[in-house]
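A.B. asks: Please find one structure pasted underneath; my questions will follow.
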Amino acid sequence: EPEVTQTPSHQVTQMGQEVILRCVPISNHLYFYWYRQILGQKVEFLVSFYNNEISEKSEIFDDQFSVERPDGSNFTLKIRSTKLEDSAMYFCASDGEESNQPQHFGDGTRLSIL
Amino acid sequence: QKEVEQDPGPLSVPEGAIVSLNCTYSNSAFQYFMWYRQYSRKGPELLMYTYSSGNKEDGRFTAQVDKSSKYISLFIRDSQPSDSATYLCAMSKTYKYIFGTGTRLKVLA
């Protein structure tokens, strides 16, 4: 069964450094998302992306965050200057070309900021 | 009032029991309702997806939505130790999913 893949599984970064998290969505999907889950807390929406544009973003997704689909298969989340509170699991999700399709999630990247 | 409320558990049941997991919500604009299962250090895995009131069955799982009461449930029949995980409800009106906190379930052999 097709799946969303994320790399790396664990990223350790010094505070203030830039980090890029990578995702390969399911191949025929057109809608892409990033969520995060701080340890012990609920999964929170960050951003949705369609047709090379952000379609919706949360208050968490400030100027330090950006997303990009650099080619036909990858979808990335960049955090420009990481803070301690950015430490979390980051999940990528995608859904299909028809409307009202459920989102499928990857296994996440654990981001640890030192 | 939180948009989505879910009892965090933990919930421990013997193998073979029927499990009932529940979420309530406050936003009547939600149209789509999902249940995900999450194992430790893994991503949410889609179990059930529905967009109307009523019941939807898939194998041992039944999802129930009551929009008038703003209440959704997931029932697991003949629970197995492999069902031990955290169960997340999620709902949406647009692209943005709102998740509950998750209920930790442990099925004892």
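The values are calculated or read from the model by the stated rules, or taken from the named source; none is laboratory data. Treat the numbers as computed from the prediction; the structure is a model and nothing was measured. Please note: Cβ atoms are built from the backbone with ideal geometry, for glycine as well, and neighbour counts cover all protein chains shown. Accessible surface is based on the protein model in full, side chains and every heavy atom, while ligands, DNA and RNA are left aside. Shrake-Rupley method; radii C 1.70, N 1.55, O 1.52, S 1.80 Å.
A.B. asks: Given the structure, is B:Ser92 out of contact with any helix residue (DSSP H, G or I) (no Cβ under 8 Å at 6 or more places or on another chain) and closer than 20 Å to B:Ala29 by Cβ?
C.D. replies: yes
A.B. asks: Checking the structure you have, find out if any residue of segment A:8-21 is within 12 Å of another protein chain (Cβ to nearest Cβ), surrounded by fewer than 17 Cβ atoms within 10 Å (Cβ to Cβ), in contact (Cβ under 8 Å) with a residue 60 or more places away in the chain and within 13 Å of the chain's Cα centre (by Cα).
C.D. replies: yes
A.B. asks: Also, quick follow-up: A:Glu68: over 15 Å from B:Ser92 (Cα atoms), more than 13 Å from the chain's Cα centre (by Cα) and more than 10 Å from chain B (Cβ to nearest Cβ), yes or no?
C.D. replies: No, not satisfied.
A.B. asks: Something else: Go through segment A:38-56 and report how many residues are farther than 30 Å from B:Asp7 by Cβ and within 14 Å of chain B (Cβ to nearest Cβ).
C.D. replies: Final tally of qualifying residues: 6.
A.B. asks: So is B:Arg37 under 12 Å from the mean Cα position of the chain (by Cα), within 14 Å of chain A (Cβ to nearest Cβ) and under 20 Å from B:Thr101 (Cβ atoms) or not?
C.D. replies: The answer is yes for B:Arg37.
A.B. asks: May I ask you to verify whether A:Ile54 is under 20 Å from A:Leu111 (Cα atoms) and at pLDDT 95 or above?
C.D. replies: Numbers: under 20 Å from A:Leu111 (Cα atoms): no; at pLDDT 95 or above: yes.
Criteria not met by A:Ile54.
A.B. asks: Here is a follow-up. Working only within segment B:56-100, note down all residues that are farther than 30 Å from B:Glu15 by Cβ, away from chain A (no Cβ under 12 Å) and in contact with a strand residue (DSSP E or B) (Cβ under 6 Å, 6 or more places away or on another chain).
C.D. replies: Passing the criteria: only B:Lys70.
A.B. asks: Further, regarding this structure: Please go through segment A:82-103 and give me each residue that is at pLDDT 95 or above and open to solvent by 50 Å² or more (accessible area, probe 1.4 Å), ordered by number.
C.D. replies: A:Lys83, A:Leu84, A:Glu85
A.B. asks: Right, here's the next one. Out of segment A:42-59, which residues are open to solvent by 20 Å² or more (accessible area, probe 1.4 Å) and touching a Lys or Arg at 6+ places or on another chain (Cβ under 7 Å)?
C.D. replies: Scanning segment A:42-59 gives A:Glu44, A:Asn52, A:Glu56.
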